[in-house]
Amino acid sequence: MDKLGAMQLFVASAESRSFSRTAEQLGMTPSGVAKATRLLETQLGVRLFERTTRRMALTEAGALYLELARDVIARIREGEEEIVQLQQSLQGALRISGPLSFGRPFLNAVCAAFMEKNPGIYLEVDLSDEYVDLMDGRYDLALRLGHSDSPGLIAQDIGESRAVLCASPDYLARAGIPQHPQQLVDFDWLVYRHAALGEGWCLEKGGQRHLIRHRGRLNSDNLELLLEACLAGQGIMPCPYWSMLPYLSEGLLQVVLGDYRFDQRDLGSRLLAVYPSTRRATRKINAFIEHLRDYLAAHGSGLA
């Protein structure tokens, strides 16, 4: 077996923690997988796994080699796809990570339009507010808010991310429409809990700053829950303007105090696409980034 094949077997074994499961997945025998791993260990002069009758775990050298092997395999795969696609349309998988705020309805519309434009692409999209390490090779691209100064990452600016207050017309008909930030203390807030957010919002206009303390009727780290409550007329919700565009255009939500701006220094006011500097941006990555920019340019990324 060649070195690349042995690397692929090693990665599969490290991820499954079992020669038997790896053999079953790849149509091999467990002894064949074990033999290939032993040959690789002999070539490297180190043990990659600690094996007992009950468990199999990576050694320190194995963990380091796993990172290297994943990167090598990913680069070869990307290079082969790039060569094939020089004369063809975009094809293959694009693995994307993003925070929950990028989900419905924004990323739904973006991804659907991108797949329609590029029928040879299939997307793998994971949304989570947990930090994702792009250096482990699981994702090609991450979408993030704010700023990215992490070593080894390249961040491309997509556009403005302006936060606004949204509420349903039914709620505003019942509670009234606030004309000044200080009046917000009398309204029901739908508050998103996030480590980068403090205990209040600061709204600015004409050099005047107004700090409004949260009085959340509903507090959650789940944006879907908060959005459903907002659509159901349960209160006012701060959110990125671009993420609510479909609901605003359909009249399901409307902006409140739109002439005020949020101080977004904690979260940042830019929308970013981030990928590892160890991998150049492939045609697929560049195409998706340009698609995002075109979408925001067409639909508007902020209020006038």
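The values are calculated or read from the model by the stated rules, or taken from the named source; none is laboratory data. All values reported here derive from a predicted model rather than from experimental measurement. Cβ sites come from the backbone with ideal geometry, for glycine too, and all protein chains shown count toward neighbours.
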Output for segment 141-158, where each listed residue is over 26 Å from Pro246 (Cβ atoms) and at pLDDT 75 or above:
Gly152, Leu153, Ile154, Ala155
Consider Arg54 carefully, then state whether it is surrounded by fewer than 18 Cβ atoms within 10 Å (Cβ to Cβ) and either in a loop (DSSP other than H, G, I, E, B) or at positive phi (or both).
yes
Only one of (1) in contact with a helix residue (DSSP H, G or I) (Cβ under 8 Å, 6 or more places away or on another chain); (2) crowded, with 20+ Cβ neighbours inside 10 Å is not met by Pro178, so which one is it?
(2)
What residue, among those in segment 125-140 that are farther than 15 Å from Ile289 by Cα and hydroxyl-bearing (Ser, Thr, Tyr), is modelled with the highest pLDDT?
Ser128
Can you find a residue in segment 104-121 that is among the hydrophobic types (A, V, I, L, M, F, W, C), in the same structural domain as Lys284 (by TED's automatic domain parsing) and assigned to a strand (DSSP E or B)?
yes
Elements of type strands (runs of 3 or more DSSP E) in segment 208-267, at least 2 residues being hydrophobic (A, V, I, L, M, F, W, C)
208-213, 237-240, 254-256
Within segment 234-255, identify whether any single residue is among the small types (Gly, Ala, Ser) and under 26 Å from Ile158 (Cα atoms), and answer yes or no.
yes
Identify, from the list Leu39, Leu9, the residue that is part of a helix (DSSP H, G or I), surrounded by 15 or more Cβ atoms within 10 Å (Cβ to Cβ) and either among the acidic types (Asp, Glu) or touching a residue at least 12 places away in the same chain (Cβ under 8 Å) (or both).
Leu9
Going through Leu245, Leu225 one at a time, which residue ends up being within 21 Å of Gly98 (Cβ to Cβ), among the hydrophobic types (A, V, I, L, M, F, W, C) and free of Cβ contacts under 8 Å to residues at least 24 places away in the same chain?
Leu225
Restricting segment 228-245 to residues that are touching a Lys or Arg at 6+ places or on another chain (Cβ under 9 Å) and modelled with pLDDT under 90, the residue that is nearest to Tyr295 (Cα to Cα):
Trp242
Name the single residue, out of those in segment 86-124 being within 13 Å of the chain's Cα centre (by Cα), aliphatic (A, V, I, L, M) and modelled with pLDDT under 85, that is farthest from Glu290 (Cα to Cα).
Leu100
